[in-house]
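The values are calculated or read from the model by the stated rules, or taken from the named source; none is laboratory data. Keep in mind it's a predicted model, so treat the numbers as computed, not measured. A quick note on method: Cβ atoms are made from the backbone with ideal geometry, for glycine too, and the neighbour counts reach across all protein chains shown.
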Amino acid sequence: MFLDARLPARFWSKTIPEPNSGCWLWTGSTNEKGYGLIGWQGKTGKAHRVAYVALVGGVPPNLEIDHRVCKLRCCVNPAHMEVMPHLVNVRRGRAGRERLERTSCRAGHEYTARNTLIRYSKNGSPYRSCRECGRLRMQAARRSR
C-alpha cells in the first residue's frame, strides 16, 4: 500500500516508512498538536485523515480516526487507524486514562463509593463528581444569602 498511486507523489515525498513499527512517519508540516498537514482538494487537511480517506474510504460525519496501533500523531499509515466515536477516542487516549486513574478530586477528596456521584455532560458522557465538594459549595451558597 506504501507509494499507492491514489495519493499524489507530493504526499509520498513527505512520508518515511519505519520498518520496525510499520509506521509511515510524516516529515512535512504539522499543526500545534503534532498531526501532519497537507493541501488536499483545495483545503489544508490532516495528513493521516487524507491517507485514510484515499486508501480506505470515507469517515462518517459522527466518527473520527484514532491511531489505535501506534498512538503516533505523525503516523499516516491507515492500517494503524480505526474509525470510532469521539468519546471512545478520548477515553482511549492518555488524558482519558489519566482521568480514570485519578483517586481523588482536585480538592484532594478521595473518590470512594460513598463520595462519588456519576453525572453526565451535555453530550452524554459520564464523569465523576465529588460529593464533598458539592456539599461544601452548597454550604458556602447558603452562607452567602
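A quick yes/no check of all residues on (1) surrounded by fewer than 16 Cβ atoms within 10 Å (Cβ to Cβ); (2) touching a helix residue (DSSP H, G or I) at 6+ places or on another chain (Cβ under 6 Å); (3) within 26 Å of residue 32 (Cβ to Cβ):
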| site | (1), (2), (3) |
| --- | --- |
| 61 | yes, no, yes |
| 76 | no, yes, yes |
| 115 | no, yes, no |
| 120 | yes, no, no |
| 128 | yes, no, no |
| 139 | yes, no, no |
| 142 | yes, no, no |
Elements of type strands (runs of 3 or more DSSP E) in segment 48-121, at least 2 residues being closer than 30 Å to residue 135 by Cβ and aliphatic (A, V, I, L, M): 116-120
When residues of segment 17-26 are limited to those that are assigned to a loop (DSSP other than H, G, I, E, B) and surrounded by 13 or more Cβ atoms within 10 Å (Cβ to Cβ), the one nearest to the chain's Cα centre (by Cα): 23
Any pair with Cβ under 6 angstrom, 6 or more apart, that starts in segment 6-32 at a residue that is within 18 Å of residue 71 (Cβ to Cβ) and ends at one that is modelled with pLDDT of 95 or more and part of a helix (DSSP H, G or I): 26/47
Condition broken by residue 37, with the remaining ones in (1) surrounded by 15 or more Cβ atoms within 10 Å (Cβ to Cβ); (2) on the phi > 0 side of the Ramachandran plot satisfied: (2)
